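Novice: Provided herewith is a single structure, encoded as structure tokens, for subsequent inquiry.
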Amino acid sequence: MQTKGSGFSRRSLLKGVGSLGLAAASPKVFAAAAAAAGAPSAPSPDPLPPAVVPTVTSFALGDVDLLDGPFLKARALDQQYLLSLEPDRMLHSFRVNAGLPPKAEIYGGWESVSTWADIHCQGHTLGHYLSACALMYGATQDARFKERTDYIVADLRDCQTASKTGLLTAFPEGNGLMDTMLSGKRFSGVPWYTTHKVLAGLRDAKLYTDSPVALEVLTKFCDWAVTATAPLTDEQFQKMLDAEHGGMNEVLADTYAMTGDARYLALSRRFCHQSVLDPLSRLRDHLDGLHSNTQIPKVIGFNRLYQLTGQKNYLIASAFFWKTVANTRSFVIGNHGDGEHFFPVAEFSEHVFSAKASETCCEYNMLKLTRMLFELDPSAAYADFYERALYNDILASQDPDTGMVTYFQGNRPGYMKLYCTPVDSFWCCTGSGMENHAKYNDSIYFKDDRSIYVNLFIPSVVRLQPGVSLTQTTQFPEVPTTKLQWKTDRPVEVTMQLRHPHWCKTAKVRINGKVVLESRQPSSYIELKREWHSGDVVELEMPMKLRAVPLPGDDRIVAFMYGPVVLAGALGNEGIAAPRADLTVNERLIGTVLNTPFTAPTLTGDADTLVAQAKASGSPLTFSIPASGTATSVKLMPYYKIAHERYATYWKIAPEPDLPTTT
Ligand SMILES: [Zn+2]
């Protein structure tokens, strides 16, 4: 199929990430969903093209249990943080704006402090918090998170009842800020971005805690948005979308899917920023200079709209965006950007050593997009990227002691990770960070009607059907193997699709101790189709090697990886004050708070020779490589484990000095 005007077919677009193999479903799905949800009768939808059924789906959060390992530990820290926060403090301004007395003092940081007043993110934390508690309940069934979700949802309903508008807002100007924006006057900050977070929190409360009240509050809020934006011409609407507006198109599309109300679908389409959708649908990468985290949520919305409408331009735009960002614009940890913006690919070497690279929110959104694309097209390339970003960015973003999270993850040699404070920061990345560590059991396994996909090697149990489960035990990535054991009350025929990762040349599979096959196709799935009996054990062996990964466009600048893990140079804590000095209130100071001069050791010669000279140390995933300058060797260790210490992820390799000439 030729895409109009592009000269590219859909197949050539997706070359390298596999074929789509999409099945069409009846639009009756929506009517049925609406009836099931007891949705009020809505204006009849325009005739829609058939919607798209994903090729594979993830398991429900509650069907996968995490077992002991770094991800379970990270989730436990997140739980502690979520339980330490007080919902009444996050609800403070929502109540004030609705004319209700607040029950507790407002939180600091982006929520109330004048330094950040103009960005208009007040209230975004409540939305992320609601999503995080709902996800945490879905993942753990821990009633404390359901109680918090229910409490917040009930309070938001009280606000809606009192204000009589449907709009829920925590802006200091009350509803006035939205009025100003909708009337086309000048406004500051990102009101729709913040609004999206609250809507997404309500959606997640419905999805993961099955709260009917959340759906009621969500639909009233969406009704307000439908009415409030109705007078805008398309031109006025698009002008409004020049400001960051989060995933408004996504959450409205989701609400349409949950209710069948076509008004939400129509509004979701209006929230599609044409100046981004158009070039991407024509396979044009126009991203240089654009604010990264403004774009990714729009693209997630495009993908969602493709799923709900079958309209191909949404798929083409979202798959092309992923491909260009993941494959050509990303650093070794899987994130991208400098100072929150995309830069020209030819300028990697000018941006790589910035302390303000890789905003963590961007990865939160890239993983969402990756997961959606994988469900449509279960290609190992998506799962490979997910793994890289999960270990080297998301897991790496959390302080293993306090549970606080990063904003940027810079590559300036000798810089260190800086984390938010518990109650005085409330950055965007604090909010998305609350969610990141709540959903680690989300994308380990996927399924279709006859297969299970094992995408990640994380200790866990997955329940496939009543009486049928699979337990994965592993110390991966510290040990390059994983073991999957069946427990069934009857023999079951299931095809196992084991990911053979891109970083491993030859993977070996054993069943009940016997080697059954060797795969020599990195970035593919190893298919095991047979009848499984209780106690059957499948082992996957994936040998890892240390390797140098050159920076795109400059092979003198390299990072080091071992299997899926980025190894950073651990450079000590010279000049760094007492513990917790790396918790910082103000994200704007990142890049300047560690301005004392620091000279990292030098790596000299040739990257492959350095790799050959590296010596494994006593600890797993830890090596020593020869250096010069300020040290004779550098300790390389997993970047995700680095905390409270200076580090280097990228190295500019110095040329070998000229040998003295002999006479
Ligand atoms: Zn952020």
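Novice: Among all the lysines, which ones have a C-alpha under 28 Å from Lys652's C-alpha, if same-chain residues fewer than 8 places away are not counted?
Specialist: The reachable lysines, counting only those whose Cα sits under 28 Å from Lys652, are Lys323, Lys356, Lys417, Lys505, Lys545, Lys615, Lys635, Lys641.
Novice: Same structure again: Reported to two decimal places, what Rg/Rh ratio describes region 445-586 when computed on Cα atoms with Rh from the Kirkwood expression?
Specialist: On the way: Rg = 19.8 Å, Rh = 17.7 Å.
Here Rg/Rh amounts to 1.12.
Novice: Which order do Lys439, Lys185 fall in if you start with the one that has the fewest other Cβ atoms within 10 Å? Walk me through the numbers on the way to the answer.
Specialist: Details: Lys439 22, Lys185 8.
So the residues, fewest neighbours to most, are Lys185, Lys439.
Novice: Could you tell me which helices of the chain pass both thresholds, a Cα extent of 15 Å or more along their own axis and a mean Kyte-Doolittle hydropathy of at least -1.0, with helices taken as whole DSSP H runs?
Specialist: 70-84, 87-97, 124-140, 143-163, 191-209, 212-229, 248-259, 292-309, 312-328, 360-376
Novice: OK, next. So how do 195-203, 307-315 stack up, highest first, on mean other-Cβ count within 10 Å? Walk me through the numbers on the way to the answer.
Specialist: Values: 195-203: 26.6, 307-315: 20.6.
Put in order of decreasing packing, that is 195-203, 307-315.
Novice: Ok, one more. Order these by the 10 Å Cβ neighbour count, fewest first: Asp658, Asp278, Asp254, Asp608.
Specialist: On the way: Asp658 6, Asp278 14, Asp254 24, Asp608 11.
Ranked by crowding around the Cβ, least crowded first: Asp658, Asp608, Asp278, Asp254.
Novice: Note the full-extension length gain between Glu493 and Lys239 as 0.36 nm times their separation in residues minus their Cα-Cα distance, in nm to one decimal.
Specialist: On the way: separation 254, 0.36 × 254 = 91.44 nm, distance 5.48 nm.
Contour length minus the Cα-Cα distance gives 86.0 nm.
Novice: Hey, another quick one. In whole Å and largest first, what semi-axes does the C-alpha gyration tensor of region 323-362 yield when each eigenvalue is scaled by 5 and square-rooted? List each step's numbers first, then the result.
Specialist: Working: eigenvalues 35, 32, 14 Å².
Rounded to whole Å, the semi-axes are 13, 13, 8.
Novice: Helix-derived [θ] at 222 nm for the chain: sum -39500 (n - 2.57) over DSSP H runs of at least 4, divide by residue count, nearest 500? Display every interim value, and only then the final one.
Specialist: Numbers: 20 runs with 239 residues, N = 663.
Dividing the helical sum by the residues of the chain leaves -11000 deg cm²/dmol.
Novice: For the residues Met90, Met372, what sequence is obtained by ranking on other C-beta atoms within 10 Å, fewest first?
Specialist: Working: Met90 25, Met372 22.
Ordered by Cβ neighbours within 10 Å, fewest first: Met372, Met90.
Novice: In addition: So for the pair Ala616, Ala346, with labels modelled 7 Å out along Cα→Cβ, what separation do we get in nm?
Specialist: So the label points at Ala616 and Ala346 sit 4.4 nm apart.
Novice: Report the Stokes-Einstein translational diffusion coefficient (µm² s⁻¹, integer) for region 205-352, Rh taken as the Kirkwood radius over Cα pairs, at 4 °C with viscosity 1.567 mPa s. List each step's numbers first, then the result.
Specialist: Details: Rh = 16.5 Å.
It comes out at roughly 79 µm²/s.
Novice: All other residues with a Cβ under 14 Å from the Cβ of Pro400 taken together, and with Lys, Arg as +1 and Asp, Glu as -1, what is their net charge? Each step should come with its number before you reach the end.
Specialist: On the way: positive: Lys73, Arg75, Lys417, Arg580, Lys641; negative: Asp78, Asp399, Asp401, Asp582, Glu645.
In short, 0.
Novice: Provide the packing ranking of 565-572, 138-145, 639-646, i.e. peptides ordered by the mean count of other C-beta atoms within 10 Å per residue, highest first. Before the final figure, lay out the partial values.
Specialist: Details: 565-572: 24.2, 138-145: 17.2, 639-646: 20.5.
Ranking, from highest mean packing down: 565-572, 639-646, 138-145.
Novice: Once you have all Cα-Cα distances for the chain, histogram them in 10 Å bins from zero and send the whole-percent values.
Specialist: Percent of Cα pairs in each bin: 3, 15, 26, 27, 19, 8, 2, 0, 0, 0.
Novice: Assuming R0 = 30 Å, what is the FRET efficiency of Arg547 and Thr592, from their Cβ-Cβ distance, to the nearest 0.05?
Specialist: Values: r = 34 Å, r/R0 = 1.13.
Result of the calculation: an efficiency of 0.35.
Novice: Further question: Report the label-to-label distance for Glu527 and Thr328 in nanometres (one decimal), using points 7 Å from each Cα along the Cα→Cβ vector.
Specialist: 3.3 nm
Novice: Further question: From the Cα trace of region 573-663, what convex hull volume per residue do you get, rounded to a whole Å³?
Specialist: Details: hull volume 13.4 nm³, N = 91.
With only Cα atoms used, region 573-663 gives 147 Å³ per residue.
Every number here is computed from the coordinates shown, using simple stated rules; none is lab data. It should be emphasised that the depicted structure is a prediction, and the values quoted were computed from it without experimental measurement. So basically every Cβ, Gly included, is an ideal-geometry build from the backbone, and we count neighbours across all protein chains shown.
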